[in-house]
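Structure first, then comments.
The values are calculated or read from the model by the stated rules, or taken from the named source; none is laboratory data. All figures in this text were calculated on a predicted structure; none of them were measured in a lab. In this analysis, Cβ positions are derived from the backbone assuming ideal geometry, glycine residues included, and neighbour counts consider all displayed protein chains. The accessibility values were calculated without ligands, DNA or RNA, using every heavy atom of the protein model including side chains. Shrake-Rupley method; radii C 1.70, N 1.55, O 1.52, S 1.80 Å.
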Amino acid sequence: MTFGSELTGREIAIVDANAAALGVTRKQLMESAGNAAAGVIRDVADADDRIEIVAGRGNNGGDALVAARFLGAYDCRVTLLGDPDDIGTDIARENWDALERSTVETRTIGDSTAFDLSDPDVIVDAMLGTGISGALREPVATAAGAINEADATVVSLDVPSGLDASTAALADGAVRPDRVVTFHKPKPGLSELGVPVDVADIGVPPGAEYFVERGDLLRLSRPADSHKGDFGEVLVIGGGPYTGAPALAAQSALRSGADLVRVAVPAAIADEVQGYSEDLIVRPFDGTQLTEPAVDPLLDLAADHDSVVLGPGLGAGEATLSAVEAFLADFEGTAVVDADALRVVPDVETEATLICTPHRGEFERMGGQDAADWETRAENVAELAAELGMTLLVKGPADIISDGKSTRVSRTGNPGMTVGGTGDVLAGVTGALAATLDPHPAASLGAYVTGRAGDLVVEERGYGLVASDLLDRVPTAMWDEQP
Ligand SMILES: NC(=O)C1=CN([C@@H]2O[C@H](COP(=O)(O)OP(=O)(O)OC[C@H]3O[C@@H](n4cnc5c(N)ncnc54)[C@H](O)[C@@H]3O)[C@@H](O)[C@H]2O)[C@@H](O)CC1
Ligand SMILES: [K+]
């Protein structure tokens, strides 16, 4: 179980980058795509047919340049819409250069008025794929019109040029194909076209969707023009017997990009928590631990935040656990629940969107079945997540993330991270991500980034890390390795 049965443009980019992270390059995928496309074209064309291949400047065009190489036995002409120097990627350019040195007939046109077709029997539409944005621009618009007018069988690669794979919207003047060969997985909008769609396996490694890898960082876009509040406000509710945990979670949330992080802790430890960092905005509630009287004010405070991190350092006192239950019963926002607060989750009825981050022992206490191998454990996590109706992130050598529908595994992290406090860092990172992302991607990236931060520390200093060492590696793990 991984992403959905149809991949949007954004997910395609993530899968692409994850395949590369797993050692299967984009050029290999392009080669497989072009080969698969050639197979469908052979299926459509007669041996003496005239084939016109119209290639765009992106990797969709690149696929067609590979296909042309496989169709050397046919009467084939390749038209590149633009100048070779405009070709967007090195792998497409390399395939263009190879074609130019071969016997395949090629030409380039930049000006749409020059676009003409030689009355072909088959036309291959490889102008735009999942990289489309907006209405068709020249020279694609004119070429698409000519293709639609032609008396030929039209085969579109990946998607008809003009279909936006992220929204399933068809641009005006989009190519109307007789057949589509799409790569790896169907795309939104294809099934509504009413034409045969071949889904070609192009050798994307099965882990590219299953494992959370560097490609998933593409979900994090910090637009340069962002302003305060774009990246969410997080409320950490914790502390009591422990003071470091809520401070760690809060500092992790800040390092993960949250604009504001408030920390609600018992008044008895407020000064101590503030002492960890002046960046924290401490909101004390009466007493030495969380108890019922604090719940209503906390619900009001939580309503002003995009996400809540509930649990770090709260302890498992009877009064505290019933206060946690009371809070969750009335809370309707998004919360990451960690540590002892997890004890009450299976029994509480709540409208809240929950991301629970148990370790394996806490997972079992919540009713999950632990298992030695992570495949079995993954199935059990999916089962409990479906039963409880929430997203589970079960920490372990391999972190397992599931909402009951999609299950993924993050393999970053190392044995040095069993030290206390890394769970608080994970909860804070996940809480910050949950302020702007859906629960499942927030949990997936929370696990990946926290583990990666721990790996960076060990790479630099060897074992002996303490949880606070992770803090200044979180931004590195989030931003410095974007594919
Ligand atoms: N992700 C994957 O798993 C794989 C993807 N591959 C191919 O890569 C394609 C995506 O390639 P790219 O991301 O390079 O993007 P595209 O090749 O879809 O198009 C990008 C180019 O089209 C131009 N363009 C965008 N919108 C336009 C519009 N409205 N009018 C005119 N021009 C427009 C852009 O300026 C850019 O030059 C896929 O559709 C697929 O064919 C394959 O190589 C195989 C593997
Ligand atoms: K296309």
Go through segment 92-146 and report how many residues are within 14 Å of Gly56 (Cα to Cα) and either touching a Gly at 6+ places or on another chain (Cβ under 6 Å) or assigned to a helix (DSSP H, G or I) (or both). 17
Within segment 423-436, identify whether any single residue is closer than 21 Å to Asp230 by Cα, part of a loop (DSSP other than H, G, I, E, B) and either open to solvent by less than 10 Å² (accessible area, probe 1.4 Å) or among the polar types (S, T, N, Q) (or both), and answer yes or no. yes
Run down Gly203, Gly173, Gly194 and say which single residue is assigned to a loop (DSSP other than H, G, I, E, B), modelled with pLDDT of 95 or more and more than 11 Å from ligand 1 (Cβ to nearest atom). Gly194
Of the candidates Val155, Val212, Val204, the one satisfying the condition of being in contact (Cβ under 8 Å) with a residue 24 or more places away in the chain, within 12 Å of ligand 2 (Cβ to nearest atom) and open to solvent by less than 50 Å² (accessible area, probe 1.4 Å) is Val155
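Residue by residue, here is whether (1) in contact (Cβ under 8 Å) with a residue 40 or more places away in the chain; (2) among the polar types (S, T, N, Q) holds:
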{"residue": "Gly72", "(1), (2)": "no, no"}
{"residue": "Thr89", "(1), (2)": "yes, yes"}
{"residue": "Glu105", "(1), (2)": "no, no"}
{"residue": "Asp111", "(1), (2)": "no, no"}
{"residue": "Leu117", "(1), (2)": "yes, no"}
{"residue": "Asp121", "(1), (2)": "yes, no"}
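Can you go through Val197, Val175, Val212 and tell me which one is under 17 Å from the mean Cα position of the chain (by Cα) and of a type in the set (A, V, I, L, M, F, W, C)?
Details: Val197 fails: under 17 Å from the mean Cα position of the chain (by Cα); Val175 fails: under 17 Å from the mean Cα position of the chain (by Cα).
Of the residues listed, the single one that is under 17 Å from the mean Cα position of the chain (by Cα) and of a type in the set (A, V, I, L, M, F, W, C) is Val212.
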Within segment 403-420, identify whether any single residue is more than 24 Å from Glu459 (Cα to Cα) and of a type in the set (Gly, Ala, Ser), and answer yes or no. yes
Could you please find all residues in segment 51-89 being open to solvent by less than 40 Å² (accessible area, probe 1.4 Å), in a strand (DSSP E or B) and more than 14 Å from ligand 1 (Cβ to nearest atom)? Ile51, Glu52, Cys76, Arg77, Val78, Thr79
Going through (1) within 21 Å of Thr422 (Cα to Cα); (2) touching a helix residue (DSSP H, G or I) at 6+ places or on another chain (Cβ under 7 Å) one by one, Gly275 fails only at (2)
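Among the residues that make up segment 355-363, is at least one of them farther than 23 Å from Ala467 by Cβ and open to solvent by 10 Å² or more (accessible area, probe 1.4 Å)?
Going through segment 355-363, the residues farther than 23 Å from Ala467 by Cβ turn out to be none.
There is no residue in segment 355-363 that is farther than 23 Å from Ala467 by Cβ and open to solvent by 10 Å² or more (accessible area, probe 1.4 Å).
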Flagged in segment 100-135 as within 12 Å of ligand 1 (Cβ to nearest atom) and either open to solvent by 30 Å² or more (accessible area, probe 1.4 Å) or more than 32 Å from the chain's Cα centre (by Cα) (or both), in numbering order, are Ser112, Leu128, Thr130, Gly131, Ser133, Gly134, Ala135
Looking at Leu163, Leu190, Leu248, Leu157, which is the one that is touching a Ser or Thr at 6+ places or on another chain (Cβ under 7 Å) and not assigned by TED's automatic domain parsing to the domain that holds Leu470? Leu190
Select from segment 328-343 the residues that are under 20 Å from Gln289 (Cβ atoms) and open to solvent by 10 Å² or more (accessible area, probe 1.4 Å) and list them in ascending order. Ala329, Asp330, Phe331, Ala339, Asp340, Arg343
